[in-house]
Amino acid sequence: MTSEELTELALDDSFRFSCYPGISCFNACCRALTQFLMPYDILRLKENFSISSTLFLERYTSRHIGPQTGLPVVTLKPADKIFLWCPFVTQDGCGVYDNRPSSCRMYPLARLLSRSRETGDLSVRYMLLNEAHCHGFENGRRQTVREWIEHQGLAPYNEMNDAMMEVIALKNQLIPGPLPRELAELFDTALYDVDRFRQLLLEGKVDVSKTAVAMPGLKEVSDVELLRFSIKLVAERIRGAANVSVKQANVGRE
Ligand code: SF4
Ligand code: SF4
């Protein structure tokens with residue numbers, strides 16, 4: 001076996017794996033970390049600490065704009081500079097277990113989403129990642145990919161991550177490269193900083209007068225519902241910006 005091995009599995013294929021306190025590699029997967037966070041991960045983690053998304057982002061994450069995509073990239077700030085431990089790991093394991101990010105739940109599987117250029121259909125692939133440091137495969141319990149997803153509570157994560165991937169794919173298809181500044185700011189705030197976005201909406205600082213997306217009641221709507229709204233709003237704005245560019249290009253040709 002190589003130090004790292006990838007095997008593609010179907011939903012009903014099975015694999016042997018168990019992770020438990022006391023295993024010789026306990027916590028080994030929580031260091032040397034580049035942990036990307038999706039918007040729903042941020043919602044769950046900020047709830048875990050009962051703090052705002054704004055404070056969570058400030059305290060625990062690094063953010064930059066991806067040079068290729070022009071989209072925000074949010075990663076967890078490691079707790080140290082040498083071993084790059086996750087800021088949430090403790091001697092007893094994950095300190096945010098009930099709200100741990102989707103990639104931690106999915107491990108040792110990775111879930112890859114892609115859209116066919118020909119048919120437009122979305123497809124999901126699962127890869128089993130067998131890394132040398134992880135001993136969970138030795139004498140592990142046999143289960144299917146489907147059972148693993150259920151057992152790890154991944155359904156709400158996958159639903160929201162898929163919606164995010166749709167909007168990212170739409171952006172990359174219609175506006176390759178950086179977004180116009182205002183739209184880039186909307187993408188960042190509406191999708192990654194739900195509490196700040198709610199506040200901006202309440203203060204009337206985001207113009208939603210022309211949106212066709214149904215506006216939720218801002219005072220009572222849950223963070224998850226607000227994120228669903230935000231994803232649709234950003235998709236609508238991306239289509240709008242792409243249409244404007246096409247019209248401007250056509251005017252230039254006349
Ligand atoms: S969030 Fe939890 S499981 Fe994920 S890397 Fe950090 S400590 Fe490990
Ligand atoms: S078995 Fe794998 S996932 Fe579990 S603690 Fe060890 S390295 Fe991490």
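The values are calculated or read from the model by the stated rules, or taken from the named source; none is laboratory data. These numbers come from a predicted model, not from an experiment. When we count neighbours, we look across all protein chains shown, and the Cβ atoms used for this are built from the backbone with ideal geometry, even at glycine.
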Test: residue in region 90-97 that is within 10 Å of ligand 1 (Cβ to nearest atom) and at positive phi: yes
Failed item in (1) more than 10 Å from ligand 1 (Cβ to nearest atom); (2) closer than 21 Å to ARG31 by Cα; (3) at pLDDT 95 or above; (4) charged (D, E, K, R), with ARG100 passing the rest: (1)
Filter result for LEU71 (within 20 Å of ARG111 (Cβ to Cβ), surrounded by 15 or more Cβ atoms within 10 Å (Cβ to Cβ) and at pLDDT 95 or above): no
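Results for (1) part of a strand (DSSP E or B); (2) within 30 Å of GLU182 (Cα to Cα); (3) touching a strand residue (DSSP E or B) at 6+ places or on another chain (Cβ under 6 Å); (4) more than 16 Å from ligand 2 (Cβ to nearest atom), shown as yes or no for each residue.
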residue: SER62; (1), (2), (3), (4): yes, yes, yes, yes
residue: THR69; (1), (2), (3), (4): no, yes, no, yes
residue: ARG105; (1), (2), (3), (4): no, no, no, no
residue: GLY120; (1), (2), (3), (4): no, yes, no, yes
residue: MET127; (1), (2), (3), (4): yes, no, yes, no
residue: ASN139; (1), (2), (3), (4): no, no, no, no
residue: MET160; (1), (2), (3), (4): no, yes, no, yes
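With the requirement that a residue be hydrophobic (A, V, I, L, M, F, W, C) and away from ligand 2 (no atom under 11 Å from the Cβ), what does region 87-103 give you? Spell out how you get there, then give the answer.
Step one: of region 87-103, the residues hydrophobic (A, V, I, L, M, F, W, C) are 88-89, 94, 96.
Answer for region 87-103, where residues must be hydrophobic (A, V, I, L, M, F, W, C) and away from ligand 2 (no atom under 11 Å from the Cβ): PHE88, VAL96.
Would you say GLU58 is out of contact with any Cys (no Cβ under 6 Å at 6 or more places or on another chain), among the acidic types (Asp, Glu) and surrounded by 14 or more Cβ atoms within 10 Å (Cβ to Cβ)?
Values: out of contact with any Cys (no Cβ under 6 Å at 6 or more places or on another chain): yes; among the acidic types (Asp, Glu): yes; surrounded by 14 or more Cβ atoms within 10 Å (Cβ to Cβ): no.
No; evaluated as a whole, the condition is false for this residue.
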Any hit, region 14-37, residues being closer than 24 Å to GLY140 by Cα, out of contact with any Lys or Arg (no Cβ under 8 Å at 6 or more places or on another chain), away from ligand 1 (no atom under 14 Å from the Cβ) and not assigned by TED's automatic domain parsing to the domain that holds PHE187: yes
Test result for ALA212, modelled with pLDDT of 95 or more, surrounded by fewer than 16 Cβ atoms within 10 Å (Cβ to Cβ) and in contact with a helix residue (DSSP H, G or I) (Cβ under 8 Å, 6 or more places away or on another chain): yes
Filtered residues of region 189-205 (kept if part of a loop (DSSP other than H, G, I, E, B) and either buried (at least 16 other Cβ atoms within 10 Å of the Cβ) or touching a residue at least 24 places away in the same chain (Cβ under 8 Å) (or both)): ASP193
